[in-house]
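Got a structure here, written out as structure tokens. Questions coming.
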Amino acid sequence: MNNKELIELAVGAAKNSYSPYSHFRVGAALLCDDGSVYLGCNIENSAYSATVCAERTAIFKAISDGKRGFQKIAVVGGEDGLLEKQCAPCGVCLQVMSEHCDASSFVVLLADNEGIHEYTLGEMLPYAFKK
Ligand code: THU
């Protein structure tokens, strides 16, 4: 599974976004160590704080299926489904990633009009909370 393929899966996942309040569609594709891929989209709620992000949807689906060990996640998003700019994961999603993924090897893939950009989790959240 190369980076472009993972981004394309995230673009497909964004089509399932349930986002009637923000109209901001987000899709995520999580590559597990065993080669399986879990997709997620954002799922909003009229009680706004009950909304869940695309990244956490994908991660929680994978964890609840018993998956452990993750290599990378592709994230795309934009208003009205326009995916022109990089859509960085929010702090809550980065914190969830930091619970389950290695900071120096886990890769976050983002895309914009110029192409695909690659960051480590440690670059995105250098001072993750750890107990
Ligand atoms: N959203 C995500 O799905 N992932 C993020 O990392 C940040 C934000 C969603 C939540 C909400 O449905 C919409 O984007 C606008 O905030």
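Rounded if a/c is under 1.5, else prolate if a/b is larger than b/c, else oblate: which is the chain, with a ≥ b ≥ c the root eigenvalues of its Cα gyration tensor? Each step should come with its number before you reach the end.
On the way: a/c = 1.42, a/b = 1.21, b/c = 1.18.
Rounded, because the longest to shortest axis ratio a/c is under 1.5.
Roughly speaking, what is the centre-to-centre gap between segment 30-79 and segment 100-115 when only Cα atoms are used, to the nearest Å?
Segment 30-79 and segment 100-115 have Cα centres separated by 14 Å.
Here's another thing I want to ask about it. With unit charges on the beta carbons (Lys and Arg positive, Asp and Glu negative) and the dipole taken about the Cα centre of the chain, which residue among F60, N42, L31 sits farthest to the positive side?
F60
Hey, what did segment 14-59 get for relative contact order, percent, Cα under 8 Å, at least 6 apart?
Working: 92 pairs, mean separation 16.7, N = 46.
Rounded, it is 36 percent for segment 14-59.
How large is the helix-only mean residue ellipticity at 222 nm for the chain, computed as the sum of -39500 (n - 2.57) over DSSP H runs with n ≥ 4, divided by its residue count, in deg cm²/dmol to the nearest 500?
On the way: 4 runs with 37 residues, N = 131.
Estimated from H runs of four or more residues: -8000 deg cm²/dmol.
Using the Cα centre of segment 80-131 as origin and beta-carbon charges of +1 (Lys, Arg) and -1 (Asp, Glu), tell me which of C90, A111, F129 is placed farthest towards the positive end of the dipole.
Farthest towards the positive end: F129.
So, one more: Just for the chain, what percent of DSSP beta bridges are antiparallel, to the closest 5? Provide the component values of the computation, followed by the final result.
Numbers: 21 of 26 bridges.
Looking only at bridges with both residues in the chain, the antiparallel portion is about 80 percent.
How large is ³J(HN,Hα) for each residue in segment 12-28, as worked out from phi by the Karplus curve 6.51 cos²θ - 1.76 cosθ + 1.60 (θ = phi - 60°), to whole Hz, x for Gly and Pro?
For segment 12-28, the Karplus-derived couplings read x, 5, 4, 5, 8, 3, 9, 9, x, 8, 9, 6, 9, 8, 10, x, 9 Hz, x marking Gly and Pro.
Please list, ordered by chain and number, the residues whose modelled amide H lies under 5 Å from the amide H of F70; skip anything fewer than 5 residues away on the same chain.
D33, D102
Mean separation of Cα pairs under 8 Å and 6+ residues apart, divided by the residue count of segment 81-131: what relative contact order is that in percent? Write down the numbers at each step before the final one.
Working: 52 pairs, mean separation 19.7, N = 51.
Computed value for segment 81-131: 39 percent relative contact order.
Output the peptides 57-63, 1-7 sorted from most to least packed, where packing is the average of other Cβ atoms within 10 Å over each peptide's residues. It would help to have the intermediate numbers written out before the result.
Numbers: 57-63: 20.9, 1-7: 15.7.
Put in order of decreasing packing, that is 57-63, 1-7.
Please get the size of the charge dipole for the chain, origin at its Cα centre, with Cβ charges of +1 on Lys and Arg and -1 on Asp and Glu, quoted in debye to the nearest 20. Present the calculation step by step, with values, prior to reporting the outcome.
Details: 11 positive and 16 negative charges, 84 e Å.
Roughly 400 debye for the chain.
When we measure straight from the Cα of K130, which lysines land under 25 angstrom away, once same-chain ones fewer than 8 places off are left out?
By straight Cα distance, K130 reaches K61, K67, K72.
Put a dot 7 Å past each Cα toward the Cβ at I116 and S104; how far apart are the dots in nm?
Label at S104, label at I116, 2.4 nm between them.
Okay, next question. Just need the relative contact order of the chain here, percent rounded to a whole number, with Cα pairs under 8 Å and 6+ apart.
Numbers: 286 pairs, mean separation 28.7, N = 131.
That works out to 22 percent.
Something else now. Classify segment 1-75 as rounded, prolate or oblate, taking a ≥ b ≥ c as the square roots of the eigenvalues of its Cα gyration tensor: rounded when a/c is under 1.5, otherwise prolate if a/b is larger than b/c and oblate if not.
Details: a/c = 3.26, a/b = 1.56, b/c = 2.09.
Cα axes put segment 1-75 in the oblate bin.
Among 33-39, 69-75, what's the highest-first ranking by average C-beta atoms within 10 angstrom per residue?
Working: 33-39: 14.6, 69-75: 23.0.
Answer by packing, highest mean first, reads 69-75, 33-39.
Then there is this: Less than 11 Å Cβ to Cβ from H23, Lys/Arg counted +1 and Asp/Glu -1: what total charge do the surrounding residues give? Before the final figure, lay out the partial values.
Numbers: positive: R25; negative: E44, E79, D80.
Taking every other residue near H23 into account, the sum is -2.
Quick check on segment 38-78: take the gyration tensor over C-alpha atoms, sort the square-rooted eigenvalues as a ≥ b ≥ c, and tell me if it's rounded (a/c under 1.5), prolate or oblate. All intermediate terms of the calculation are to be shown ahead of the outcome.
Values: a/c = 3.45, a/b = 1.61, b/c = 2.14.
The shape class here is oblate.
Only four residue types carry charge here, +1 at the Cβ of Lys and Arg and -1 at the Cβ of Asp and Glu. Report the dipole size of segment 17-86 about the Cα centre in Debye, rounded to the nearest 20. Each step should come with its number before you reach the end.
Numbers: 7 positive and 8 negative charges, 37 e Å.
Charge dipole, segment 17-86, about its Cα centre: 180 debye, nearest 20.
All of the numbers you see were taken from the coordinates with simple rules; none came from a lab. Keep in mind that this is a model prediction, so the values were computed, not measured. Ideal geometry is used to build each Cβ from the backbone, glycine not excepted, and the neighbour counts take in all protein chains shown.
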